[in-house]
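Every number in this text was worked out from the coordinates using simple rules, so none of it is lab data. Keep in mind that this is a model prediction, so the values were computed, not measured. Cβ coordinates were reconstructed from backbone atoms using ideal geometry, including for glycine residues, and neighbour counts include every protein chain displayed.
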Amino acid sequence: MTLRVLTLNLWNRSGPYEKRKPRIRDWVERLDPDVIGFQEAMRGEGFDQVAELLDGLPYETELGVASQWDELDFGNAIASRWPISDREVVELPTADTDETRCALSVTIDAPFGALGFTCTHLNWKFHHGMAREKQVVAVADVALRRRPRGEFPPVIVGDFNADPESSEIRFMTGLQSLEGRSTYFYDAWTIAGAGSSGFTWNNRNHFAGIALEPDRRIDYVFAGYPIRLGESFGIGRIEKCRVVCDDEVDGVWPSDHFGVYAELRTEPLARPEWPMS
C-alpha cells in the first residue's frame, strides 16, 4: 500500500461556495486520500465545513483554530482515515504582522505504524517574508517533535504562501539556514512532480485571477528522509505527486487554490547489495 496525502486551501466560504462544495467533494472521492490537510477551514454554531464536505466518508477530523472570522473558528483541519491518537495546536510567530496563524499537528495510528502529520497555513502578504521565515522554523520544530522514534517520516502539508526560491522554502528543503538553524524535508513536487511548473496559484483559475497575483507554486507536501535502516529500508519514499482540484465545471473551480496530492511508500524496498571491491 501507499500513503495517499492531499492538501487543499478551501478558500473558506468565499465565492460561490454552495457550488464549490460538490466540486471539492468530487475530488476527494476521486483521489480517495488516506490523510487530508485543509487550510482556511471554518467551524461554528450550526456549521462545520469539513464535516459537511466529508459527510458519510470514513474520516476522523480535527480543527486547529488560528483566528475568528465572521464569528466562526478559522484555521487548519486534518481528516484521517485512521484514528487520531494525539493532537497539538501551535500558534505561529506573527513578527508584528496583523495575521494570526497556527500549525495543527497530530499522531495517526496508521496500519504501518504511527504517523506524525502536520498541517499549516502561513502569512499570505508578499512583504511578510520575515514572518514566514519565523513560522517555518516553528512548523519544522513541531513536525520533528511529532515523529515517533524509528517510525514513518514526518509529513507536513499546507499553504506556505511562498514559492520554491524563497528563503522560507529553501529552509524547509535544506538549502538555507534561518536563525542559526537548519533542517531538511523532501518537497514532494521536486521529487515526483514530473518536471512541470506545479503552480497551485494559477491565473487560469478565475477565482485566483481576480487577485492580480502572478502564477506560482505555494502549496506543498513535505516529508522527512525515508527510513534506511534494517527491514524498513525505503519506507516513506515519495513515489508520486501531482496538482489536483484544478478543473473547472460550468465556471466553477473547487477553490482559488489548486491542491497537491502525493503518494508515499509504506512497504520496504529490497535493500541493494553492493558488490565487494
Could you work out how far the C-alpha centroid of the stretch 108-156 sits from that of the stretch 212-259, in angstrom?
-> 15
Label model pair residue 68, residue 30: point-to-point distance (7 angstrom along the Cα→beta-carbon line) in nm is 3.9
Rg followed by Dmax, in Å, when the stretch 2-265 is reduced to its Cα trace | 17.1, 52
Any idea how far apart residue 45 and residue 144 come out in nm if each label point goes 7 Å out from Cα toward Cβ?
-> 4.4
Over the stretch 127-217 - Rg/Rh using Cα atoms and the Kirkwood inverse-distance radius | 1.01
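To the nearest 0.05, how large is the calculated FRET efficiency for residue 181 and residue 126 if R₀ is 25 Å and r is the Cβ-Cβ distance? Working shown, then result.
Details: r = 24 Å, r/R0 = 0.98.
Taking R0 as 25 Å, the efficiency between residue 181 and residue 126 is 0.55.
If Rh is defined by the Kirkwood formula over all Cα pairs and Rg also comes from Cα, what ratio Rg/Rh do you get for the stretch 12-113?
Working: Rg = 14.4 Å, Rh = 14.6 Å.
Reported Rg/Rh (Cα atoms, Kirkwood Rh): 0.98.
Multiply the residue separation of residue 270 and residue 197 by 0.36 nm, subtract the distance between their alpha-carbon atoms, and state the gained length in nm to one decimal. Walk me through the numbers before you get to the answer.
On the way: separation 73, 0.36 × 73 = 26.28 nm, distance 3.22 nm.
Extra length from residue 270 to residue 197 when fully extended: 23.1 nm.
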Mind listing P(r) for the stretch 122-277? All alpha-carbon pairs, 5 Å bins, whole percents.
-> 2, 9, 16, 18, 18, 15, 10, 6, 4, 2, 1, 0, 0
